[in-house]
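Only one structure is covered here, and it is reproduced in the block below.
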Amino acid sequence: MRYTFAPSKIVCVGRNYRAHAKELGNEVPAEPLLFLKPPSAVIGHGESIVLPRESARVEHEGELAVVIGRRARRVRVEDAPSIIAGYAVANDVTARDLQRKDVQFTRGKGFDTFCPLGPELVVERPSPDAAITVKVNGASRQHGHLRDMVFSIDVLVAFISDVMTLEPGDVILTGTPEGVGPLSPGDTVEVSIDSVGTLVNTVRAEG
Ligand code: ZN
């Protein structure tokens with residue numbers, strides 16, 4: 001189904017796949033590590049990721065997006081499925097150099113176009129065995145399975161809702177598997193999740 005992504009907030013989870021935490025030299029956190037991306041970062045399927053002039057190292061992070069369907073606060077883990085509208089594919093585009101330089105992730109994760117979402121909203125939850133893959137110009141970069149998440153979808157929804165009221169349309173990005181890498185002008189980046197879809201975006205330098 002066609003869907004326009006218009007979240008009031010995008011809540012992201014860092015280091016939610018062991019192998020990715022390790023590749024960046026980090027430990028797996030004891031609790032979900034949360035940060036926000038602004039709604040102004042959202043672009044759709046087929047739109048261009050713009051590499052900002054402030055960064056020399058912008059990377060892809062293919063992720064499963066969870067879209068909230070109902071206003072909720074302090075949701076129990078077992079009730080989490082009842083507030084989810086569906087699922088989509090996301091790319092948590094990251095200016096890695098700025099993320100490392102700043103204490104907060106806001107700048108490194110927050111540039112315009114840094115949250116591709118799509119290609120559509122899929123109601124049925126993907127299997128834990130679903131593969132998540134990222135290709136750049138057809139070459140494989142990231143590969144993992146949803147079952148490798150440290151904190152499950154329902155645990156994340158409950159945990160986040162203990163902090164902030166979730167609104168219809170809000171998006172949760174559930175973390176990325178290993179294999180993150182740089183994007184260059186002219187690249188085409190494809191993020192695929194079995195049964196959810198393939199999100200394709202091109203990459204260009206800021207004009
Ligand atoms: Zn991420």
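Each reported figure results from applying straightforward, stated rules to the coordinates on display, with no laboratory input. Remember, it's a predicted structure, so these values are computed and weren't measured experimentally. Cβ atoms come from the backbone with ideal geometry, glycine included; neighbour counts cover every protein chain shown.
In a simple Cβ point-charge model (Lys, Arg +1; Asp, Glu -1; nothing else charged), the range 10-205 has a dipole of about 400 debye relative to its Cα centre. Put the Cα centre of the range 49-128 next to the Cα centre of the range 144-207 and the gap is 4 Å. What you get for the range 155-207, charging only the Cβ of Lys and Arg (+1) and of Asp and Glu (-1), is a dipole of about 100 debye around the Cα centre.
Ordering 77-86, 141-150 by mean Cβ neighbour count within 10 Å, with the highest value first, yields 141-150, 77-86.
Close amide H contacts of Val93 (hydrogens built in the peptide plane, cut-off under 5 Å, sequence separation of 5 or more or a different chain): Glu61.
With the highest mean first, a sort of the peptides 48-54, 22-28 on other beta-carbon atoms found within 10 angstrom per residue produces 48-54, 22-28. Rounded is the label for the chain, because a/c, from the alpha-carbon gyration tensor with a ≥ b ≥ c as root eigenvalues, stays below 1.5.
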